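Quick note: the coordinates plus some simple rules give every number you see, no bench work behind them. Everything quoted here is computed from the prediction, not taken from an experiment. Cβ coordinates were reconstructed from backbone atoms using ideal geometry, including for glycine residues, and neighbour counts include every protein chain displayed.
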């Protein structure tokens, strides 16, 4: 069972219109600041935060109660108010739906296991289509779309982490099918992926183990061994 929390900036749309036309740079600065502070607070509590939209975030929050949520989102920036909805389920997608239906203010519902997949592109900087910033962005967008559709089909949620890195809040079905996902990216997009998998009680620990797995793949590649998927369980 995994617990996911949706954290949203409340009343954001109407408030942005009060800033006038010359507002976009200020909004980007604010969104980045909210994300950075919230990531720090939640990661200190063993959680893991993902950007969903810039005014909405998704977090793996196993073990965090309602009081912990309220403390984490309180007082981040005087210009905005954050609200958190919490849900749990057998898969990340089920937990996401439960949180969406629960609405803000409800109690924490549990969560004692998490699986995270950390993926990156093998040789992204040497790809012909990535010789320009626009070309690289287009390839990453196509990969994100593929990952998102594949992961949703297995009850999982995929998030772009920057550069050529993605993380997936993964279901058991997604964990078992990781090699198939890597193969699909190569067949359909010509993109070689490395995938590290980590499983643990909390989101942050699962992500640490997933990245450890990914680093192990890189180390083996440097030693001449080609491996695309690795896993470490807590």
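Worth a mention:
- The angle between the Cα long axis of helix 24-43 and the longest principal axis of the Cα atoms of the chain comes to about 80 degrees, rounded to the nearest 10.
- Take every DSSP beta bridge whose two residues both sit in segment 114-233; close to 80 percent of them are antiparallel.
- Its relative contact order, with pairs defined as Cα atoms under 8 Å and 6+ residues apart, puts segment 169-234 at 32 percent.
- Spread of Cα-to-Cα distances over 5 Å intervals beginning at zero, given as percent, for segment 2-102: 2, 13, 24, 24, 17, 10, 6, 3, 0
- Relative contact order [Cα under 8 Å, 6+ residues apart], the chain, whole percent: 21 percent
- Acute angle (nearest 10 degrees) that the helix 92-102 long axis makes with the longest principal axis of the chain, alpha-carbon atoms: 10 degrees
- Ranked by how many other beta carbons lie within 10 Å on average, peptides 139-145, 85-91 from highest: 85-91, 139-145
- Listed residues 186, 94, 56, most fluctuating in the chain (Gaussian network, C-alpha, under 10 Å): 186
- Over all pairs of different C-alpha atoms, segment 95-234 has a mean inverse distance whose reciprocal, the Kirkwood radius, equals 15.8 Å.
- Span from the segment 204-220 Cα centroid across to the segment 101-120 one, whole angstrom: 21 Å
- Crossing angle, helix 178-189 versus the chain [Cα axis fit, 0-90 degrees, rounded to tens]: 80 degrees
- Longest to shortest principal axis, alpha-carbon extents of segment 73-128, angstrom: 48, 36, 18
- Highest mobility in the GNM of the chain, judged by mean-square fluctuation with C-alpha springs under 10 Å and restricted to 169, 178, 153, is found for 153.
- With R₀ fixed at 22 Å, the C-beta to C-beta distance from residue 188 to residue 97 puts the FRET efficiency at about 0.20.
- The helix-based estimate of mean residue ellipticity at 222 nm for the chain, built from -39,500 (n - 2.57) per DSSP H run of four or more residues and divided by its residue count, is -14000 deg cm²/dmol to the nearest 500.
- Estimated inter-spin distance, residue 165 and residue 23, nm [label 7 Å along Cα→Cβ]: 3.3 nm
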